Amino acid sequence: MKLCVLIALLSGQRCQTLQALRTGSTCMELSDKKCTFYVHSLLKHSRSGSHQAPIELHSFTENKSLCVVSTLKEYLRRTKHLRNSNSPNLFLTLLAPHTPASTDTISRWLKWTLARAGVDTNVYTAHSTRAASTSAANDSGASIHLIMKAAGWTNASTFAKFYKKHTEKKPTLGQVVMERYLTKH
């Protein structure tokens, strides 16, 4: 579930795209620095001449527990014995017989993880990760072209109309204290 949430937040992708991630050599390139997924399945936004761009996820060396590449490597190690050549899907169900996770299952995992993080899942759904990550990227100064490419949008108005959310930047007491501590050390 952790890997699923990290990929959702760091890629801005739909549950359908997460379900389409595969581990085969033509679908995934993995190194210590990054992982690139190539999605060959038809997706909601697929059309003639336009297909899902490769999904690049880079390592986060500042905090290994939040590093998507380290988490992916650990997940693959732990699930290696559950995989066979007939099941190249990245995400497998938690219970035996460990079949490929469906889009609905991935959506439930995201919603469960959001709830565990204290997010009101009556307001925010699994699909909210898409708006949250792309809005955060926008607020951090990422170009609209980078956001559109990562999310698979061809029109900036899609982001502006449906996904761009106003994010309040009011820090908590803990954030102020930690920021002050980190700037002095």
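So, in region 153-169, of the ones that are in a loop (DSSP other than H, G, I, E, B) and of a type in the set (Ser, Thr, Tyr), which residue ends up modelled with the highest pLDDT? Ranking the qualifying residues of region 153-169, first place goes to Thr154. If I filter region 44-62 down to residues being surrounded by 14 or more Cβ atoms within 10 Å (Cβ to Cβ) and assigned to a loop (DSSP other than H, G, I, E, B), which single residue comes out as modelled with the lowest pLDDT? Among those that are surrounded by 14 or more Cβ atoms within 10 Å (Cβ to Cβ) and assigned to a loop (DSSP other than H, G, I, E, B), it is His45. The requirement of being within 23 Å of Val39 (Cβ to Cβ) and at pLDDT 85 or above is fulfilled nowhere in region 115-134; no residue meets it. Residue count for region 115-137 satisfying the condition of being without any contact (Cβ under 8 Å) to a residue 40 or more places away in the chain, surrounded by 13 or more Cβ atoms within 10 Å (Cβ to Cβ) and not in a loop (DSSP other than H, G, I, E, B): 5. Contact map, region 83-109: first residue in contact (Cβ under 8 Å) with a residue 24 or more places away in the chain, second residue assigned to a loop (DSSP other than H, G, I, E, B) and charged (D, E, K, R), Cβ cut-off under 9 Å, separation 6 or more or different chains; pairs are Asn89/Arg83; Thr103/Arg14. Applying the condition of being among the aliphatic types (A, V, I, L, M) and surrounded by 15 or more Cβ atoms within 10 Å (Cβ to Cβ) to region 88-109 and asking which residue is nearest to Ala126 (Cα to Cα) yields Ile106. Take the conditions (1) surrounded by fewer than 18 Cβ atoms within 10 Å (Cβ to Cβ); (2) modelled with pLDDT under 95; Gln13 misses just one of them, which is (1).
Just one residue in the set Ser65, Ser85, Ser41 is in a loop (DSSP other than H, G, I, E, B), at pLDDT below 90 and surrounded by fewer than 11 Cβ atoms within 10 Å (Cβ to Cβ); that residue is Ser85.
The values are calculated or read from the model by the stated rules, or taken from the named source; none is laboratory data. Being a predicted model, the structure only gives us computed values, none of them experimental. Because the Cβ atoms are built from the backbone with ideal geometry, glycine has one as well, and the counts that use them run over all protein chains shown.
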